[in-house]
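Here is the structure we will look at.
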Amino acid sequence: MGTKTILLVEDNPDDVALTLRAFKSYHIANEVVVAQDGTEALDYLFGTGAYATRSRNDPPAVVLLDLKLPKADGLEILRRVRMDDRTRLLPVVILTSSREEQDLLNGYSLGANSYIRKPVDFAQFAEAVRQLGVYWLVLNEAPPL
Amino acid sequence: MSGVPVRAVDGVSGFHLLFASNPLPMWIYDLETLQFLEVNDAAAAQYGYARDEFLGLTILDIRPAEDVPRVRDHVAAGRPRLQASGMWRHRRKDGAVIDVDIVSHTLDFGGRAASLVVVRDITLQKRAEREIAQLLTREQAARAAVEEARERLAFLAEASRELASSLDHKATLATVARLAVPTLADWCAVDVVDEHGAIVRVATAHTDPAKVALAEELVRRYPPDWNAPHGVPKVLRTGKPELYPTIPEAMLAEGARDAEHLRLLRTLGMQSAMVLPLVAREGIAGTLTFVSAESGRHYMEADLELGQELAFRCALAVGRAQLYRDVQALNAELERRVAERTTQLGAANKELEAFSYSVAHDLRAPLRTINGFSQALLEDYQGRLDDTGQGFLFRIRRATQQMERLIDDLLSLSRLSRAELRRRPVDLTTIAERVVRSLRQGKPDRPVAVTIAPGLTADGDDRLLEAVFENLLGNAWKFTRDQPLPQIEVGVIKQAGGPVVFVRDNGAGFDMAYSHKLFAPFQRLHTAAEFEGTGIGLAIVQRIVNRHGGRAWAEGEVGKGATVYFTLQ
């Protein structure tokens, strides 16, 4: 499954642990970089702050983005990502608890590639993560960034 | 004065024929002594004196005393031989005065200068003339009265029209004052009692603006005193109209506070006045004052009546203006309240949205943790947990799933309350068919006989109505699970109040004793072991139906099935 990284933007450590566990159980070996808030995510993507030394020519294969985050929230991150030429084509999947119509509408309006609702049941959750991995890491041809 | 000697006309019989038996009263009197020298029978009969009595009288004796000087003058004046001396009044012996027309003729009667008088009694004619004159006067008076009444009516009609044209309290009162001048008064003033109990002049009218200013100044310098003996304060106290046919100096002096006040009052030149109460719903609202000055008219009872009529109409108009003002104030208050409630509602809605959003995001996360780590325990520590321990973990996971469903249902119920209702014609038959198709796909092995009435339509929000059928048909589908020949029917009953749509099944049914709990959120009439569910379905149905202005109700019997009815208006 390639070597590209997955950027997981998620502030809840339990969700992080469960997501990583799901990746692991389906043998998705790509590096998963976890950003716990919006600022960290943007730093990673734009090579600023703690990630100032990171190469900008190494974008993640996909960003898994929670919506409710401390500081800059998921929609704000998405807006900034889409505004910047370096990241505007980056695949971004919203992975959230919310099924509110407004969140769906805003997410897609701002250019989300996909919107996945995190199921409570772990079996379903793991299945969703597996399909995500297969789709974005294997089937999907990444945009030429 | 020379008389003409009387020549007998064929002797005695001639005299009788021409004088004594003449049907007109005749006499001869001495021009000097005014003594009657001869009278005929008709005169004696007419005047009630016998011939002998007559001959003892002078012509002055048959006159009303007041006419005597005129008679003397007349006799003394030089006169032609024959003259028509015109109308006179004579007095008969019984004192009755009669009207007569006299023709006289001077002559020599036995050597004396005398006058022959022929009397024509015109009493009846005179009386008739007098009566005619009286009738004419009365007729003119009646005409004048009619004309005056007509003018008053016209004035009142005009006043009513003017008063009706304004809903503004102050404008109405100003109109009244303006209308009264000069038809009814030289001055007209309107005073009202304000909310502090003070007497306030709200309108003054006079044809001359300078005089209006004068009257206004007077009121400003000497505001009315509630205890004043006359005028506005008295009428406000008693509620009875006051009529002052004349305004004597003494009255002015009595009402004046000081010499300057009296001087100003005098400059108004008031001749007559009337003050009328404006009787409103709550009592005496004010007064209407009419004053006559330079016109010199004096008010009488009839004027008072007209004034009262005007005051009555004015009070009606003021009452109406007040009602209008009240209604406007009420409207403004209502609008203010609506705006306030709208703001409150908006705030409450925003709060609810924030709450829902929080529920959607934050309540699920811990469930996912509980569920996920229970699963992790099962997977990673399988060998170290016995069946009971594993069973516990299964229960934990099942509970989190149930809780997730509850959260989802709660959110959809709250979403329903907030969602905008978009009404348009909806084909209910098609929606029901689509829902049933989806149910069949979920459980293809269930042999449910479904009948859906064709051509069911309604005016409503198609997305919401689809949710109604999803819930009702979903329930019917679920509760007919144990029925060997499950049947579901969707139909309509035409009623006067509009169509009633129903979904009927022959499933588990319910006890009507608990029908009131059926539509309450999270109320269930079956255990989770019997039938799964959160108890939100019918609450959602009811909320949607209510938002369409309709209602929902149910009938059922345990073991026989259930029918849910709903209307949409």
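Some points to look at:
- Residue check, B:Arg152 surrounded by 16 or more Cβ atoms within 10 Å (Cβ to Cβ), within 30 Å of B:Tyr324 (Cβ to Cβ), basic (Lys, Arg) and under 34 Å from the mean Cα position of the chain (by Cα): yes
- Subset tally (residues that are within 11 Å of chain B (Cβ to nearest Cβ) and either within 23 Å of A:Gln131 (Cα to Cα) or charged (D, E, K, R) (or both)) for segment A:80-104: 7
- Leading residue by the ranking (farthest from B:Arg364 (Cα to Cα)) among those in segment B:409-437 that are free of Cβ contacts under 8 Å to residues at least 24 places away in the same chain and more than 14 Å from chain A (Cβ to nearest Cβ): B:Thr430
- Residues in segment A:105-133 that are among the aliphatic types (A, V, I, L, M), part of a helix (DSSP H, G or I), in contact with a strand residue (DSSP E or B) (Cβ under 7 Å, 6 or more places away or on another chain) and away from chain B (no Cβ under 12 Å): A:Leu132 only.
- Count of segment B:174-191 residues, restricted to those that are more than 26 Å from B:Pro245 (Cβ to Cβ) and of a type in the set (A, V, I, L, M), is 1.
Residues checked against (1) acidic (Asp, Glu); (2) assigned to a strand (DSSP E or B):
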{"site": "B:Asp61", "(1), (2)": "yes, no"}
{"site": "B:Val68", "(1), (2)": "no, no"}
{"site": "B:Gln83", "(1), (2)": "no, yes"}
{"site": "B:Gly86", "(1), (2)": "no, yes"}
{"site": "B:Thr106", "(1), (2)": "no, yes"}
{"site": "B:Ala113", "(1), (2)": "no, yes"}
{"site": "B:Val117", "(1), (2)": "no, yes"}
{"site": "B:Arg138", "(1), (2)": "no, no"}
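- Of all residues in segment A:1-20 being in contact with an Asp or Glu (Cβ under 9 Å, 6 or more places away or on another chain) and within 13 Å of another protein chain (Cβ to nearest Cβ), the one that is surrounded by the fewest Cβ atoms within 10 Å (Cβ to Cβ): A:Val16
- Scanning segment B:550-569 for any residue that is modelled with pLDDT under 85 and outside any strand (DSSP E or B) turns up at least one such residue.
- Residue in segment A:24-33 that is within 14 Å of chain B (Cβ to nearest Cβ) and under 13 Å from the mean Cα position of the chain (by Cα) present: no
- Each residue in segment B:334-362 was checked for being closer than 20 Å to A:Asn12 by Cα and either facing chain A (nearest Cβ under 8 Å) or not hydrophobic (A, V, I, L, M, F, W, C) (or both), and 6 of them qualify.
- Odd one out for A:Glu40, checked against (1) assigned to a loop (DSSP other than H, G, I, E, B); (2) on the phi < 0 side of the Ramachandran plot; (3) away from chain B (no Cβ under 14 Å): (1)
- Residue that is at the interface with chain A (Cβ under 8 Å from one of its Cβ atoms) and out of contact with any His (no Cβ under 7 Å at 6 or more places or on another chain), where the choices are B:Gly389, B:Gly372: B:Gly372
- Qualifying residue in segment B:382-399 (condition: closer than 30 Å to B:Leu568 by Cβ, at pLDDT 90 or above and part of a helix (DSSP H, G or I)): no
The values are calculated or read from the model by the stated rules, or taken from the named source; none is laboratory data. Predicted model, so just to flag it, every value in this text is computed and none were measured. Positions of Cβ are generated from backbone atoms using ideal geometry, with glycine treated the same way; all protein chains shown enter the neighbour counts.
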